[in-house]
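Following: one structure in structure tokens, then a few remarks.
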Amino acid sequence: MKCRTMVVIFFTVVCFSLIGCKQQDSTQEEANLRVDSEQTRTESTIEYSENESVAVEMSEDADMAASQGAQVEDRKIIYSSYLTLEVSDYEEAEKRLINEVNQLGGYVVQSFFNEYDDIVNGQLTVRIPTTELHDYIYLIEDSDYHLKEKEMNGQDVTEEYVDLEARLRSKKVVEERLYQFLESAEETEQLLKISKDLERVQQEIEQIEGRVIFLNNRTDYAEVTIQLIEKKIIVDHIQGNEDLNTVEKAKKLFIETINFLLSLASGLIVMIVGLSPVLVLLAIILTLVFLYLRKKKRNNKISKE
């Protein structure tokens, strides 16, 4: 009996020992998994930060190298010109100038005119290929127009253009590297950070590309502003019966004279009626003075006799 009891107790202790060891091993494994997870996440974050730093350094290095080592083969210059022309016929001159612009591959930017006393003045703004600018100016100078004023300007934007191209290349390197990080990222926080950085870089790329397109257009096409002044000699023609209108003018003068007399009579009547109280009082005073003087004169005459 005692032997059987001892055997049961022995097996019970062994079972509890095995269960305890198993639970301890499970707890240790869970702790190890948490540590490994934290370490992996930390290493991933550090890896992105280090890679991001490397990408930015590469961007800056590429920017500096491109800006310092770029050889300018074709300078980027924005040309503009201002001309003042005297023409005998504004409409004909405008059509001729626009036709020459179209033949050279240019286009009209703005056109307006104003007319005063049969004289038309206006302004025409055109864009023509830079390579054709001098030919267009020569055509105008060689025409029958009177060139009163001429001004030409050039703005060198080569340095800005080279800098923009270098920045654009470096930004595209950063964009490509961020796409690689985005594909390999696993944590939500990391995905959000990479997406935010990628959006910022893409906006910068769009701004740079827009500026490059603008500079390309302004350097490829020169702007010419032409002030047109119509100098036309107006010759008066001999007036006929229709221009003279003798009967109508005489009738108009007669009616105007009648109206003047009526207005004068009306004014006198209004003045007399309006001043009647004063005029009556003045008439009474004058009558009394006249009677007094008359009586005094009569008395003096009687006294002398």
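The values are calculated or read from the model by the stated rules, or taken from the named source; none is laboratory data. Just so it is clear, the structure is predicted and the values come from calculations on it, not from any experiment. Ideal geometry is used to build each Cβ from the backbone, glycine not excepted, and the neighbour counts take in all protein chains shown.
Table: residues versus (1) modelled with pLDDT under 90; (2) touching a helix residue (DSSP H, G or I) at 6+ places or on another chain (Cβ under 6 Å); (3) of a type in the set (Phe, Trp, Tyr); (4) in a loop (DSSP other than H, G, I, E, B).
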| site | (1), (2), (3), (4) |
| --- | --- |
| Val201 | no, yes, no, no |
| Ile205 | no, yes, no, no |
| Phe214 | no, no, yes, no |
| Ile226 | no, no, no, no |
| Glu248 | yes, no, no, no |
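Quick test of your reading of the structure: Gln123 fulfils all but one of (1) in a strand (DSSP E or B); (2) touching an Asp or Glu at 6+ places or on another chain (Cβ under 7 Å). Name the failing condition by number. The single condition Gln123 does not satisfy is (2). Within the stretch 138-171, can you find the residues that are closer than 12 Å to Leu85 by Cα and either in a helix (DSSP H, G or I) or modelled with pLDDT of 95 or more (or both)? Those that are closer than 12 Å to Leu85 by Cα and either in a helix (DSSP H, G or I) or modelled with pLDDT of 95 or more (or both): Ile140, Glu141. Do we find a residue being under 26 Å from the mean Cα position of the chain (by Cα) and surrounded by 15 or more Cβ atoms within 10 Å (Cβ to Cβ) anywhere in the stretch 103-120? So far as the stretch 103-120 goes, yes, one or more of its residues are under 26 Å from the mean Cα position of the chain (by Cα) and surrounded by 15 or more Cβ atoms within 10 Å (Cβ to Cβ).
Assess whether Tyr138 counts as being under 26 Å from Leu228 (Cβ atoms) and aromatic (Phe, Trp, Tyr). Explain how you work it out, then say what you get.
Numbers: under 26 Å from Leu228 (Cβ atoms): yes; aromatic (Phe, Trp, Tyr): yes.
Yes, satisfied.
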